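The values are calculated or read from the model by the stated rules, or taken from the named source; none is laboratory data. Note that this is a predicted model, so its numbers are computed, not measured. Heads up, the Cβs are rebuilt from the backbone with ideal geometry, glycines too, and the neighbour counts pull from every protein chain shown. Accessible surface is based on the protein model in full, side chains and every heavy atom, while ligands, DNA and RNA are left aside. Shrake-Rupley method; radii C 1.70, N 1.55, O 1.52, S 1.80 Å.
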Amino acid sequence: MMKGMTRKSKGYFMLTVMLLMAMLVTACGGSGGGSKTTGGETKASGGSGSSIKIGVSIPAEANNSLQYWYKGIQKQAELYGMEVVGIDAQLNSSKQVSDMDNLLVQGVDVILVWPLDPAAIKPAIDRATEKKVPVIGIDFNTQEGGSDFGLAHQIILGRGQGGMDVAKLFADMLPEGSEVGAIGMAAPVPGNIYMMEQFRVESEKFSNITWVGQQNNPTDNIAGAEPMMANLLTKNPNIRAVFAYNDDSAVGAAQAITNNGKSLYSADNPDGIIVVGFNAEQAGIDAIKQGKQYATFNINPIKTGSAMVQAAKQIVVDKADIAKEQVIASDFVSVETIDSFQSWDEELNALQ
């Protein structure tokens, strides 16, 4: 004890010291939850959700549009100071189930998933729900008002409307008796299945075009689509238009058309075969500019990835009640509008 101080004054002195120490600790962040490091950057803790770990189940990371979807998730999470852990299912629905269980083991607070087979991963969703880990998905339902699969929230991409729009486009552009076909995806992704089914059903409503069949791409890339289109041409040599579920498949279809001695549609060659893709991947944008593809639809992966993280924040951090479904339409991009198209990289850089 210090000399010359009464017992009462010593008590005041000790109280003052304790208050000063408490203020110092608070100012240094000692009671604020510390910080989190993600991807080599330190994310300071705060009210935006910096303690949140997002698990992402990616159906096929080799797919260009899925790469950008994941980038959109990472960028929005970075803006919120959240950590992201992603696992690639490699087009294997059984692996996607185990991937989701793996994410639960890693202690994620929320799971974002683009399903290969919604029915197959339903048990994994149930296990997440039991652990009070919300799951946010894409295109489990292909249209509004269907089963929620136990999801906390889901994005619907409006693919069905895209399929219908392509059928009408072909009917408007083609003469009586024209044959049309499709390149679908071999994996049972519900959004793709529904889109192609809507294309077929709508095509059959028009008297001037005839649906002749669909071939399914087993590898989800250009190389897998080319022989599928060659098969369509062998069976239907007079085919006038083809709709592909993604742009890589559209590019592969265009290659098969020219390799088989046939021509592609253009303003100068209206008798050529019309090729329309989906997604607005860079390969498709380049093909439109080069006259190898007539049109595509922007699947909006950046906007979708960002929206899913925003939904995760609302559910996990803000504890807010949000709608079960959100529709993000896929915009039509053609030779007439290609010059005004904003690239995914530009959109990603502009994300705030």
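Counting C-alpha atoms alone, how compact is the range 103-178: give Rg to one decimal and Dmax as a whole number, in angstrom.
Gyration radius and largest Cα-Cα distance of the range 103-178: 17.8, 59 Å.
Quick check: residue separation of I328 and R127 times 0.36 nm, minus the Cα distance between them. What number comes out in nm?
Numbers: separation 201, 0.36 × 201 = 72.36 nm, distance 2.79 nm.
Full extension from I328 to R127 adds 69.6 nm.
For the range 282-311 and the range 126-196, write down the distance between their C-alpha centroids in whole Å.
16 Å
Using alpha-carbon pairs under 8 Å, 6+ residues apart, how would you state the relative contact order of the range 60-121 in percent? Write down the numbers at each step before the final one.
Details: 37 pairs, mean separation 18.9, N = 62.
Averaging sequence separation for qualifying contacts and normalising by length gives 30 percent for the range 60-121.
Just the accessible area for D220, please: 1.4 Å probe, Å², rounded to the nearest 10?
20 Å²
Residues of the range 193-224 with amide nitrogen under 13 Å from the 7 Å Cα-to-Cβ point of A62?
218-224
What number do you get for the range 144-286 when its Cα radius of gyration is normalised by 2.2 N^0.38 Å, N = residues? Could you put the intermediate results ahead of the total?
Details: Rg = 15.2 Å, N = 143, 2.2 N^0.38 = 14.5 Å.
It is 1.05.
Can you list residues whose amide H is under 5 Å from W211's amide H, if they're 5+ apart or on another chain and H is modeled 1.01 Å from N?
V180
If you roll a 1.4 Å probe over the heavy atoms of the protein chains, what accessible area per residue do you get for the range 104-250, in Å²? Please list the in-between numbers first.
Numbers: 5530 Å² over 147 residues.
Accessible surface, normalised per residue, equals 38 Å².
Rounded to whole Hz and in sequence order, give me ³J(HN,Hα) for the range 69-83 from the Karplus expression 6.51 cos²θ - 1.76 cosθ + 1.60, θ = phi - 60°, writing x for Gly and Pro.
4, 5, 5, x, 5, 4, 5, 5, 5, 4, 5, 8, x, 8, 8
At q = 0.31 Å⁻¹, what base-10 log of I(q)/I(0) does the Debye formula yield for the range 194-250 when every alpha carbon is treated as an equal point scatterer in vacuo?
-1.32
In nanometres, what is the gap between the two model label sites at N238 and S340, each 7 Å from Cα along Cα-to-Cβ?
3.9 nm
Which value results when the Cα radius of gyration for the range 197-352 is divided by 2.2 N^0.38 Å? Don't jump to the answer; show the numbers that get you there.
Numbers: Rg = 18.3 Å, N = 156, 2.2 N^0.38 = 15.0 Å.
The reported ratio for this selection is 1.22.
Simple spin-label model, 7 Å along Cα-to-Cβ: K205 to Q352 in nm?
Label-label distance for K205 and Q352, simple model: 4.2 nm.
Would you mind calculating the relative contact order of the range 118-218 from Cα pairs under 8 angstrom and at least 6 residues apart, reporting the percent as a whole number? It would help to have the intermediate numbers written out before the result.
Numbers: 158 pairs, mean separation 27.1, N = 101.
Result for the range 118-218 is 27 percent.
Provide the three semi-axes, in whole Å and in decreasing order, of the ellipsoid equivalent to the range 264-352 as defined by the square roots of 5 times the Cα gyration tensor eigenvalues. Numbers along the way, then the final one.
On the way: eigenvalues 247, 35, 13 Å².
The answer is 35, 13, 8 Å, longest axis first.
For the range 285-302, what does the Karplus curve 6.51 cos²θ - 1.76 cosθ + 1.60, with θ = phi - 60°, yield as ³J(HN,Hα) per residue in whole Hz, taken in order and with x for Gly and Pro?
4, 5, 5, 5, 5, 8, x, 9, 8, 7, 7, 8, 10, 6, 6, 6, x, 5
If you roll a 1.4 Å probe over the range 159-201 with all protein chains in place, what percent of the accessible area is carbon or sulfur? Mind dumping the intermediate values first?
Details: 820 of 1500 Å².
That fraction is 55 percent.
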